[in-house]
Amino acid sequence: MLAIATRAICALFISLSALQVAAEEAGQNQPKEGGDKGPGWTPEWTNIDNEAQEQYTVATGLFGKQYYEEAIREYRKFLDKWPKSDRADSALFRIAESNMLLRQYDGALKGYDAYLTQYPKGEYVEQAQFRLAEMHYKVGDYGKSAQAYADFAEVGKDAKLLASAAYWGAESLFNLKRYKEAAAGYDSVAKQHP
């Protein structure tokens with residue numbers, strides 16, 4: 001009986017903590033007084049109801065508290081019920097991120113691939129493309145990681161990620177025993193990203 005009560009209290013604490021983190025995060029994303037989003041700005045939650053917002057908030061709070069398995073479950077519930085919401089892209093991306101952080105690389109691969117397929121112009125495209133390459137490398141699919149890093153180099157904007165992509169692309173080629181291409185990649189890293 002005590003064990004059940006303890007689990008219930010822990011679950012309640014996690015839920016409350018999750019809501020607090022998500023509420024804080026949501027508050028940081030609001031426009032400043034005077035509206036830094038410009039005239040005609042409307043809140044991003046206009047196309048979904050309070051239940052959806054609460055579900056997303058719980059999932060985001062769990063993610064923020066590093067309860068990744070629970071966050072995956074809650075984001076999936078959110079996507080199952082509100083697949084067309086303003087936050088569907090973010091939920092899908094965070095499912096992939098949660099899998100990556102749990103070292104469930106196959107799940108992460110599927111998640112990043114799904115994100116890039118469903119949201120080719122989404123907010124997290126650059127990060128998803130880079131992570132997709134990372135996951136291919138981590139599962140030992142060096143051919144796909146080399147290609148994914150090269151694809152990222154074509155669209156990436158973040159200088160640190162571009163340098164990292166160049167290096168890990170060269171590492172992928174090295175693991176494929178394509179030594180001349182790998183050497184050229186390493187040389188490029190040394191020259192372009194000192």
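The values are calculated or read from the model by the stated rules, or taken from the named source; none is laboratory data. Predicted, not measured: the structure shown is a model, and the values here were computed from it. As a convention, Cβ positions derive from the backbone with ideal geometry for all residues, glycine included, and neighbour counts pool all protein chains shown. Accessible surface is based on the protein model in full, side chains and every heavy atom, while ligands, DNA and RNA are left aside. Shrake-Rupley method; radii C 1.70, N 1.55, O 1.52, S 1.80 Å.
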Which numbered condition Ala163 misses (of (1) open to solvent by 60 Å² or more (accessible area, probe 1.4 Å); (2) over 18 Å from Leu109 (Cβ atoms); (3) not aromatic (Phe, Trp, Tyr)): (1)
Set Glu123, Glu171, Glu134, Glu97: member being acidic (Asp, Glu) and either outside any helix (DSSP H, G or I) or open to solvent by 70 Å² or more (accessible area, probe 1.4 Å) (or both): Glu123
Total residues in region 137-160, condition part of a helix (DSSP H, G or I), farther than 21 Å from Ala108 by Cα and of a type in the set (D, E, K, R): 2
Candidate set: region 76-87, residues that are within 17 Å of Lys110 (Cβ to Cβ) and at pLDDT 95 or above; chosen: the one least open to solvent (accessible area, probe 1.4 Å): Leu79
Search result, residues across region 56-78 that are aromatic (Phe, Trp, Tyr), farther than 16 Å from Asp89 by Cβ and under 13 Å from the mean Cα position of the chain (by Cα): Tyr68
Residue count for region 174-187, restricted to those that are assigned to a helix (DSSP H, G or I) and open to solvent by 40 Å² or more (accessible area, probe 1.4 Å): 9
